[in-house]
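See below for the structure under consideration.
The values are calculated or read from the model by the stated rules, or taken from the named source; none is laboratory data. This structure is a prediction, so every number in the text was calculated from the model and none was measured. Cβ placement follows ideal geometry from the backbone for every residue including glycine, while neighbour counts extend to all protein chains displayed. Heavy atoms of the whole protein, side chains included, go into the accessibility calculation; ligands, DNA and RNA do not. Shrake-Rupley method; radii C 1.70, N 1.55, O 1.52, S 1.80 Å.
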Amino acid sequence: EEVPDAVIPAASKKITSISSPLRAIVRLRRRYQGLKKSRLHLELPREKSPEFVHTRLLQRQLSLSRTSLYSPSMSFFNQSGFESSQYFTFDTSVEHYSVKKSRRKKSRRKSRMVLYPDKTKKYLPAEEKSKAKRCLLLLIAIIFFQILNAIENLDDNLQKYDLDGLEKTMHREVFGQKVAVDSIVDLLKDYLATHIHNKPLVISLNGPTGVGKSHVGWVLAKHFRSVMDNDFVLQYFVMHHCPSGVAPLTCEIDLSKKISDMVTRAEIEEKTPLFILDEVELMSPVLLDTLSRFFEPNQTNEFLNAIYILISNLGGAEITKFVIQNASTELLHQQRGAEELLSIIQPVLVSVHPLWKAADIIPFVLLEKSHVINCFLEQMRREGLYPDQKHIENLANQLSYYTTGDKQYSSMGCKQVVAKVNLL
């Protein structure tokens, strides 16, 4: 069959109308890629001249007119519409590109949004608790338990030595020396609270004869023998252990050996030995020098844990004078009176030997007549005798007294009470 000639031009026109826009798009894409590759190698001017702009417009119009020849569908790119619209160009300057890049960085810095995989809200990081607070609480707890342990140790030591029982016994058996007894008990409690010390405890009991110094030493020895052991208590009487016929050097060696052996045994068993040295005023200078070496603080720990009780009549005359002068006042029962009396006695003792600088001096005052009567009652009770009040007063009147106003102070204290009771 023969195809009419009129049919062939219509089909070719239809294919041409479809392919021509495609070819135009392909040419535009190739030009775009070429311009994109050469864009970085060109240095474009910052400001374009009017001639350059006019030339670019003519080129654009020429390309559009060519496109309109192929397809009437592209006729909307007319001149008036092109000039009035904002056209797209690839002529972007390097400076404009860097400005846009810097703005993009600034916008990124301003953004504080924390994005998580499944959430877009802003979250602050979780606050972590400081470990310093826990360490501080732990330190406070350790200090608290150490203080509690120290308090328990104080109570244990006081219970081990039964100082409360000692205080009651001394107040019951020692007459007229309440201030002295309280001072002794306080010193013992402070010292025996722990087993670590920087110096030994030295207590000096001074006063006239018969006022109860030796009796206090006897009560202390009896009490510590009952709570510890006989091996840790030493009663040293100068007239008995070091008579006048014995060489001082021999007495020094003997005393040093006894103190060293007892201190060594006590340190092994963690106990505090007690040394009661009576009649110290009769000691030779050699023995006093020996004692002073044991009283020094710069020694080994075992010699620092020891108690020394020095009993002597040194300072008795000064105490008697002070009591008689202040008998009408209550100065003897006040703290001010005790300090004034101590300031009088201490220079006298230090002039005898410097060892009294390391001692706590406790003065014993004169006994009144009522105290002497109590001594008679206590001694008769020990002997198993019936205490007749009138008979005791008659025995007390046989002793000598210092009379000042309405008070009577015994010149010999209770020294002669035992002899008087033995005559009954």
### Task
Determine whether region 334-357 contains at least one residue that is at pLDDT 90 or above, among the aliphatic types (A, V, I, L, M) and in a loop (DSSP other than H, G, I, E, B).
no
### Message
Contact list please: Cβ distance under 8 Å, first residue in region 19-40 and closer than 18 Å to Gln59 by Cβ, second residue open to solvent by 100 Å² or more (accessible area, probe 1.4 Å) and at pLDDT below 75, pairs at least six apart or on different chains.
### Response
Ala24/Tyr70
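Can you report the number of residues in region 249-276 which are within 25 Å of Tyr161 (Cα to Cα), among the aliphatic types (A, V, I, L, M) and surrounded by 15 or more Cβ atoms within 10 Å (Cβ to Cβ)? I'd like the intermediate steps shown before the answer.
Residues of region 249-276 within 25 Å of Tyr161 (Cα to Cα): 258-276.
With the extra rule that they be among the aliphatic types (A, V, I, L, M), the set shrinks to 259, 262-263, 266, 268, 274, 276.
Filter again for surrounded by 15 or more Cβ atoms within 10 Å (Cβ to Cβ), leaving 259, 262-263, 266, 274, 276.
Final tally of qualifying residues: 6.
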### Task
Consider Ile373 carefully, then state whether it is modelled with pLDDT of 90 or more, closer than 29 Å to Leu277 by Cβ, open to solvent by less than 40 Å² (accessible area, probe 1.4 Å) and β-branched (Val, Ile, Thr).
no
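Could you check, for region 197-206, whether at least one of its residues is surrounded by 15 or more Cβ atoms within 10 Å (Cβ to Cβ), of a type in the set (A, V, I, L, M, F, W, C), within 37 Å of the chain's Cα centre (by Cα) and over 30 Å from Glu368 (Cβ atoms)? Spell out the reasoning first.
Step one: list which residues in region 197-206 are surrounded by 15 or more Cβ atoms within 10 Å (Cβ to Cβ), which gives 197, 199-206.
Applying the additional criterion that residues be of a type in the set (A, V, I, L, M, F, W, C) yields 201-203, 205.
Add one more test, that the residue is within 37 Å of the chain's Cα centre (by Cα), and what stays is 201-203.
Adding the requirement that they be over 30 Å from Glu368 (Cβ atoms) leaves 201.
Yes - at least one qualifying residue is present in region 197-206.
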### Query
Could you list, in sequence order, the residues of region 166-222 that are closer than 23 Å to Tyr409 by Cα and in a loop (DSSP other than H, G, I, E, B)?
Val174, Phe175, Gly176, Gln177, Gly207, Pro208, Thr209, Gly210, Val211, Gly212
